[in-house]
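Report on the structure given below.
The values are calculated or read from the model by the stated rules, or taken from the named source; none is laboratory data. Because the structure is predicted, anything quoted here is derived from the model rather than measured. Please note: Cβ atoms are built from the backbone with ideal geometry, for glycine as well, and neighbour counts cover all protein chains shown. Protein only, heavy atoms only, side chains kept; ligands, DNA and RNA dropped before computing areas. Shrake-Rupley method; radii C 1.70, N 1.55, O 1.52, S 1.80 Å.
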Amino acid sequence: MKRAVSGVQPTNNLHLGNYLGAIKNWVELQDSYDSLYCIVDLHAITIKQDPKVLRQNVLNVAKTYLALGINPDKSTIFVQSHVPQHAELAWVLNTIAKLGELERMTQFKDKATQHKENINMGLFDYPVLMSADILLYDPEVVPVGEDQKQHVELTRDLAERFNSSYGKTFVVPEPLIKKEGARIMGLDDPSKKMSKSASSANNYVSLLDSPDIAAKKISKAVTDSGSTIESGKDKPALTNLLTIYSLLSGQSIKNIEKEYTGKGYADFKKGLANTVTEFLSDFQAKFNALDDNKVKAILEEGNKKARAIAEAKMTDVKTKMGLL
Ligand code: TYM
């Protein structure tokens, strides 16, 4: 079986962009790929975290994976900091990563602007740790949203560089980015991606927003000029809302456009709000029904499986490099 590897940072609550751009695709992949889905807590600490909140967020992300349909009988769900080889391989890859290529990473540039008071080495080195997360497991594909493409490309470069210096060690992975949903935009500003760290909560629908709040955010969402419900290059706001509608309802954008022919924005937003709140209610019922101890046991099992693969890969890496 081919392998898929991906991860999410346990910072704030996950939003519709995380689901539609990444986790929805993971759920589909788990039947045909040996899948490993990580909670990347070592990445989260590149921004200052409150320890109590972080601890809870790690558990919440695990619950989110499960409630969205990641099945622990099919996929391995694990916590990055519980597999020490992630940090170990990151160090090794640091010795072949170039300063210049890390300086070009747009996520680093964005975060360095957002967190001027804390531009730490971890923030700069973040993409190398992400490369280690991936390369330890030899996946063929890395299912992510569009914003992570540059990091997966760096991962490919590092894998090729290592392989050509020390002999074939790593599979060179492909990013797997679906066209629909790869970049869900902010509800309050369709020129920027939906983001957990947006300054206004009207930017995103969190998966844990109450249905009421979610419906309000949708009613406030920015729209384009004109009055017809249609997608297109000149209609970034409607295209985004139609994409969300389509992915959550399983209907094509064309069909939704047809359904709203002759109707206005108010009707459309009402329909979208219904679709979103139905999805959230179903998700939240599953999320709330999960027992903390059972979730911790699933993580422990996943950590063990991931460690076994990662240990073998690190042994190979060390042998190839001449580390005793
Ligand atoms: P993170 O935690 O920011 O986001 C998790 C996943 O959600 C996707 N995503 C989006 N997709 C569509 N529209 C959006 N507005 C949107 N916002 C976020 C992201 O592309 C991502 O797939 N560096 C990664 C985490 C990571 C990782 C890895 C991923 C660490 N190690 C190894 C894959 C493999 C990140 O910050 O994702």
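Of note:
- Scanning the stretch 200-221 for residues that are among the acidic types (Asp, Glu) and open to solvent by less than 30 Å² (accessible area, probe 1.4 Å) yields a single hit, Asp209.
- In the stretch 156-199, the qualifying residues are those that are open to solvent by 40 Å² or more (accessible area, probe 1.4 Å) and of a type in the set (Gly, Ala, Ser), and the one that is farthest from Leu238 (Cα to Cα) is Ser165.
- Asn120 vs. criteria in contact (Cβ under 8 Å) with a residue 24 or more places away in the chain and closer than 17 Å to Lys48 by Cα: yes
- The number of residues in the stretch 35-53 being out of contact with any Ser or Thr (no Cβ under 8 Å at 6 or more places or on another chain) and of a type outside the set (Val, Ile, Thr) comes to 5.
- The set of residues from the stretch 3-51 being among the hydrophobic types (A, V, I, L, M, F, W, C), open to solvent by 10 Å² or more (accessible area, probe 1.4 Å) and farther than 14 Å from Tyr65 by Cβ comprises Leu42, Ile45, Ile47.
Here is a yes/no grid of residues against (1) loosely packed, with under 15 Cβ neighbours inside 10 Å; (2) within 10 Å of the ligand (Cβ to nearest atom); (3) more than 19 Å from Lys196 (Cα to Cα):
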{"residue": "Lys116", "(1), (2), (3)": "yes, no, no"}
{"residue": "Leu123", "(1), (2), (3)": "no, no, no"}
{"residue": "Val128", "(1), (2), (3)": "no, no, yes"}
{"residue": "Ala132", "(1), (2), (3)": "no, yes, yes"}
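- Total residues in the stretch 287-309, condition surrounded by 15 or more Cβ atoms within 10 Å (Cβ to Cβ) and either within 21 Å of the chain's Cα centre (by Cα) or more than 30 Å from Tyr166 (Cα to Cα) (or both): 8
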